[in-house]
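Report on the structure given below.
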Amino acid sequence: PLMCQQGFGHIVNTASVAGLMPLAGFLSYSASKHAVVGLSTSLRVEAATLGVRVSVLCPGPVDTAIVGGGKFGKVLNPLPAEVLRRLWEQGRPISVEVFARTALAAVAKNKAIIVIPWWWKFFWWLYRLSPTLGMAWARRHFLAYQRVAKKCAAER
């Protein structure tokens, strides 16, 4: 309400690349992130009439303490921490510092949907241009994840 009264402000919501394309194996996470993207883009249209800007951050992998069930994360799958870390690193995570600098620059430019790191835009664009190809890519990665999980379970 204060932003509407003063006629300016900038709301920044955080979702994930999982809110822009399929992320099999993380259904509730993906569904909630899709909801944040939908809320943010719709609010952007409405709030603009009042002078208020809205952006949504859609990070890919960012190297934080939540990774792999670390200090703040909770992992409900059977994979050992070292395997989770290896799978995580395949996504080429960026540092928190790089993420913060990039995000602030994009917010300053009033970008609507901010995908960081930049190379994850490729997967989002692939899904937008061809949902069939995007889902095939997601399926391939999900099946690879399942193979690793089964192998780890068999070794226990």
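The values are calculated or read from the model by the stated rules, or taken from the named source; none is laboratory data. These numbers come from a predicted model, not from an experiment. Note that we place each Cβ from the backbone using ideal geometry, even for glycine, and neighbour counts take in every protein chain shown. Calculation scope for accessible area: heavy atoms of the full protein, side chains included, ligands and nucleic acids excluded. Shrake-Rupley method; radii C 1.70, N 1.55, O 1.52, S 1.80 Å.
Computed quantities for the displayed model
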{"read-out": "Sum of side-chain charges, Leu20 neighbourhood, beta-carbon under 14 Å (Lys, Arg +1; Asp, Glu -1)", "value": "+4"}
{"read-out": "Using alpha-carbon coordinates, inclination of helix 96-108 to the longest axis of the chain, degrees", "value": "30 degrees"}
{"read-out": "Fraction of antiparallel bridges per DSSP, the chain only, in percent to nearest 5", "value": "0 percent"}
{"read-out": "0 to 90° range, to nearest 10: angle between helix 131-155 axis and the chain longest Cα axis", "value": "40 degrees"}
{"read-out": "Listed residues Ala144, Gln5, Val36: farthest to the positive end of the dipole of the chain (Cβ charges)", "value": "Ala144"}
{"read-out": "Descending semi-axes in Å of the chain, equivalent ellipsoid built from Cα gyration tensor", "value": "33, 17, 14"}
{"read-out": "The chain - percent of accessible surface contributed by carbon and sulfur, probe 1.4 Å", "value": "64 percent"}
{"read-out": "Dipole of the chain [Lys/Arg +1, Asp/Glu -1 at C-beta], most positive-end residue of Thr64, Gly25, Thr14", "value": "Gly25"}
{"read-out": "For Phe122, net neighbour charge (Lys/Arg +1, Asp/Glu -1) across residues whose Cβ lies under 12 Å away", "value": "+3"}
{"read-out": "Tilt relative to the chain, helix 120-129 - C-alpha long axis, 0 to 90 degrees, to 10", "value": "80 degrees"}
